[in-house]
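Taking it in order: structure first as structure tokens, then the write-up.
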């Protein structure tokens, strides 16, 4: 009976020891994966400048000439919404302009009264 208990104890100890080894190997593999992931390139997104915004508008609608009107600092409606970018007036009849967000390069129809709608 004593031999059976000792044998059973040795088997259980062996199983516990091998399960810990598996955990140690898994942890080492995970650390290698983490090191590989740390070498991933990070893409830095630059903000648009005025010339890039105007070029984006001319690609959006090449048949229209755009006249630069200012930034969010010149329009309280944009400043109140926390938007940053450039405002251009279309060289056509009307007072509806275009706003180009310098952070995400999205183009909006814009009126100084506060009207702002994403252009499709």
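Bear in mind these aren't lab numbers, they're just calculated from the coordinates by the rules spelled out. What you see is a predicted model, and the numbers here were worked out from it, not measured in a lab. Please note: Cβ atoms are built from the backbone with ideal geometry, for glycine as well, and neighbour counts cover all protein chains shown.
Treat the count of other C-beta atoms within 10 Å as a stand-in for reagent exposure and order 98, 90, 59 from fewest to most. If you can, show how the numbers build up before the last one.
Working: 98 24, 90 17, 59 9.
Fewest-to-most Cβ neighbours within 10 Å comes out as 59, 90, 98.
Could you list the residues of the range 73-102 with an amide nitrogen less than 16 Å from a label point located 7 Å from the Cα of residue 49 in the Cα-to-C-beta direction?
Residues 85-86, 102 qualify, since their backbone N sits under 16 Å from the label point.
Taking the beta-carbon count within 10 Å as an exposure proxy, list 78, 116, 48 from fewest neighbours to most.
So the residues, fewest neighbours to most, are 116, 48, 78.
Assuming a ≥ b ≥ c are the square roots of the Cα gyration tensor eigenvalues, decide whether the range 50-118 counts as rounded (a/c under 1.5), prolate (otherwise, with a/b larger than b/c) or oblate.
On the way: a/c = 1.79, a/b = 1.28, b/c = 1.40.
It comes out oblate by the Cα gyration axes.
How do 60, 86, 66 line up, fewest other C-beta atoms within 10 Å first?
On the way: 60 14, 86 26, 66 21.
Result, fewest neighbours first: 60, 66, 86.
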